1. Please list the non-local residues whose amide H lies under 5 Å from the amide H of ASN16, H modeled 1.01 Å from N, same-chain partners needing a gap of 5 or more.
2. Hey, what number do you get for the chain at 222 nm if only DSSP H runs of n ≥ 4 count, each worth -39500 (n - 2.57), divided across all residues, to the nearest 500?
3. Can you grab the distance from the C-alpha centre of the stretch 149-203 to the C-alpha centre of the stretch 63-124, Å, no decimals?
4. Given HIS37, VAL214, LEU120, which one lies farthest toward the positive end of the charge dipole of the chain, if we put +1 on the Cβ of every Lys and Arg and -1 on the Cβ of every Asp and Glu?
5. Based on DSSP loop calls and a cut-off of at most 14 other Cβ atoms within 10 Å, the longest stretch of the chain free of exposed GluC sites (Glu not before Pro) is what?
6. With an 8 Å cut-off on Cα pairs and a minimum separation of 6 or more residues, tell me the relative contact order of the chain in percent.
7. In debye, nearest 20: dipole of the chain around its Cα centre with unit charges on the Cβ of K, R (+) and D, E (-)?
8. As a test of the definition: which semi-axes, in Å, follow for the stretch 6-211 when you take the square root of five times each eigenvalue of its alpha carbon gyration tensor? Largest first, please.
Amino acid sequence: MSPGPLIAVVDYGMGNRRSVEKALEHVGARATITRDHDVLAAADGLVVPGVGAFPRAMRNLHELGLSDVIAQRAAAGAPVLGICLGMQVMFERSVEFEPTVGLGLIAGEVTSLHTNGLRLPHIGWNRVDVARSSPLTESMPAGGAYFYHVHSLVPRPADDDDVLATSDYGERFVTAVQRGAVFGVQFHPEKSSTHGLTLLRNFASVCAGHAQGVAV
């Protein structure tokens, strides 16, 4: 049996990197937590995790030179998956605490979730409804699947074609995106049981395909 794809979990000092690494290993990938530029450049795909504030995340990414590495890998067609804050930094900007420029891999911005009186942060299991077909959501139930969310802000893509899935908490919000081989999820697949592992297994398959020269 051939080894699974090498997926690098980008270590920029924020997020539950170890649980993401273990979940990727559980679905058959070879996973490593790293900020080494050479390792990131050689990996079959990248996962950008993250928990915390957008301004600090971007400051860490820039100081470690990781923003350029992620952008270069994405431009080369390598699969990239952002999780929670790691997904938010894929966008052009965020209003969290102060206006901050993101990586700009997906057009749009990150703003506060409009809960219409519901408590923030939004913490819990919410049904995710897939908006279009994607290798990331293959085998997901047609009626939606539940994933674990912890957030107060949401992405607002400029292009509806980038919307992969939505959920509802006070408002209908975008919870998964895709532009080419750049994917992002607002929820935590590593904490979302069977469906979360299915999504990570799908991402690993995308990474394996990239290693074999298959474009998304």
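1. Here the answer is GLY50, VAL51, since their amide H atoms fall under 5 Å of that of ASN16.
2. Computed mean residue ellipticity for the chain: -8000 deg cm²/dmol.
3. The stretch 149-203 and the stretch 63-124 have Cα centres spaced 12 Å from each other.
4. My answer, from the dipole projection, is LEU120.
5. 1-137
6. 21
7. So the magnitude is around 460 debye.
8. Values: eigenvalues 108, 82, 46 Å².
Ellipsoid semi-axes (Å, largest first): 23, 20, 15.
Read-outs: derived from the displayed coordinates by stated rules, not from any lab. Because the structure is a prediction, the values reported are computed rather than measured. As a convention, Cβ positions derive from the backbone with ideal geometry for all residues, glycine included, and neighbour counts pool all protein chains shown.
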